[in-house]
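Novice: One structure is given below, represented as C-alpha cells, and several questions about it will come after.
The values are calculated or read from the model by the stated rules, or taken from the named source; none is laboratory data. All of these numbers come straight from a predicted model, not from anything done at the bench. Don't worry about glycine lacking a Cβ; one is built from the backbone with ideal geometry, like all the others, and counts go over all protein chains shown.
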Amino acid sequence: MRLTTSIGIALALLDSAASLPVGEEQRPLSLPDEALERPMPYAHYSVQSTIRDVLVEHDIIDDVLDDFEPSYYLDINYPKSHETVLLGNDLPVDAVSSRPVFTFHSIDNSFYPTRRRSKKSDPCTTRTERKKSTFTLILTDPDAKSRDNPKMSEMCHWILTNLTTPIELPYDLQEPLKAKPGEIEEYLPPGPPPKTGAHRYVFVLLEGDTANLNPPAERPHWGYGKPRHGVRDWAKENGLTVVGANFFFAQNEKQ
Ligand SMILES: *[C@@H]1O[C@H](CO)[C@@H](O)[C@H](O)[C@H]1NC(C)=O
C-alpha cells in the first residue's frame, strides 16, 4: 500500500514537473483571464504541495524538518542498481550501497508561466540571485536504531557542499564511488540493523553560504548528543535554508 501510493504520487510528480498536472493537461491554458485573478481550485495539484503532503504524511516534516514549501525537486538515482528515490519507495539495502547521482530542479511557479509569474520581481534580479546560490545535499536517518526507538537519531550519512545551480550530474557515472570535492562527510551506506523495521532515509537540499561549512563532530545525533537532533540543528547553526527533500525506506532482510 505504502509502496503503491508513493510510486503513484512520485510518477504523477515527475509527469507534472515536466508538463501539467495529470488529467488537467489543457485546463490551465484555456481558463479565462478572470479565473486567473482568483485562487485556483486546482492549486492543490502543485508539485510543491504534493511533495509537502508526502513529507507530512510520513512525519518527515516534524521529526526531521520544520514545515517548509519545497522549491526544488530532488531527482536522485543509484546508478549501480538503477534505483530511483521516489518520495517514500522501498529500496533494497544493497541497492543503495554506493553514492547516488542527482539533479535538482526549481519547481517555483512551474505551472503558471503567465499571470502569476509576471507578478514576480524583475527576472534579471532573480537570475542574479540564482547564480549566487550554493547548495548542500545531505542524507540523514531519523530512525536509528529504529523508528520506535530512535535513540541514535539522527544518524548523519552524507554531506556534500558547494553545489551550484543549475546542476548537471556532478559525478562521473563510471566512478560514483570516488569521493568528490565538497564532500565534507563521506557517504555512509544505509545499514539498518536486523529487526529494526523500515528506516526513513531522508535527502535534504539546503541553500545558503557553503564556503565555511564544517561537518558534525560525529555521525550519531549529528554531534548534538541527544536523540532526535540532526540536520535541523545543523542547518540552523550554519544559516542554511531547507529548499527540497526526498526519501526512501530501507530495512534489513531479517525482521
Ligand atoms: C567550498 O568552496 C569554498 C570557496 O570556493 C572553498 O574555500 C571550500 O574549501 C570549499 N569546500 C569544500 C568542502 O570543498
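Novice: Answer yes if at least one residue in segment 168-177 is at pLDDT below 95 and within 16 Å of the ligand (Cβ to nearest atom), and no otherwise.
Specialist: Yes, that holds for at least one residue.
Novice: If you don't mind, another one. Tell me which residues, restricted to segment 72-109, are over 22 Å from T196 (Cα atoms), in contact with a strand residue (DSSP E or B) (Cβ under 6 Å, 6 or more places away or on another chain) and assigned to a loop (DSSP other than H, G, I, E, B).
Specialist: Correct list: P79, P100, I107.
Novice: May I pose another question? Would you confirm, using the coordinates I've provided, whether E69 is among the charged types (D, E, K, R), in a loop (DSSP other than H, G, I, E, B), modelled with pLDDT of 50 or more and more than 25 Å from E183 (Cα to Cα)?
Specialist: Yes, satisfied.
Novice: Tell me, yes or no, whether segment 216-228 has at least one residue that is in contact with a strand residue (DSSP E or B) (Cβ under 7 Å, 6 or more places away or on another chain), surrounded by 15 or more Cβ atoms within 10 Å (Cβ to Cβ) and more than 27 Å from L86 (Cα to Cα).
Specialist: Yes, that holds for at least one residue.
Novice: Can I ask one more? In this structure, is I159 over 21 Å from D90 (Cα atoms), within 16 Å of the ligand (Cβ to nearest atom) and modelled with pLDDT of 95 or more?
Specialist: Spelling it out, I159 is indeed over 21 Å from D90 (Cα atoms), within 16 Å of the ligand (Cβ to nearest atom) and modelled with pLDDT of 95 or more.
Novice: What number of residues in segment 192-235 are under 14 Å from T140 (Cβ atoms) and more than 16 Å from the ligand (Cβ to nearest atom)?
Specialist: Summing the residues that are under 14 Å from T140 (Cβ atoms) and more than 16 Å from the ligand (Cβ to nearest atom) in segment 192-235 gives 23.
Novice: Related question: Quick one: would you say S30 is at pLDDT 50 or above and over 21 Å from F249 (Cβ atoms)?
Specialist: No: the conditions fail for S30.
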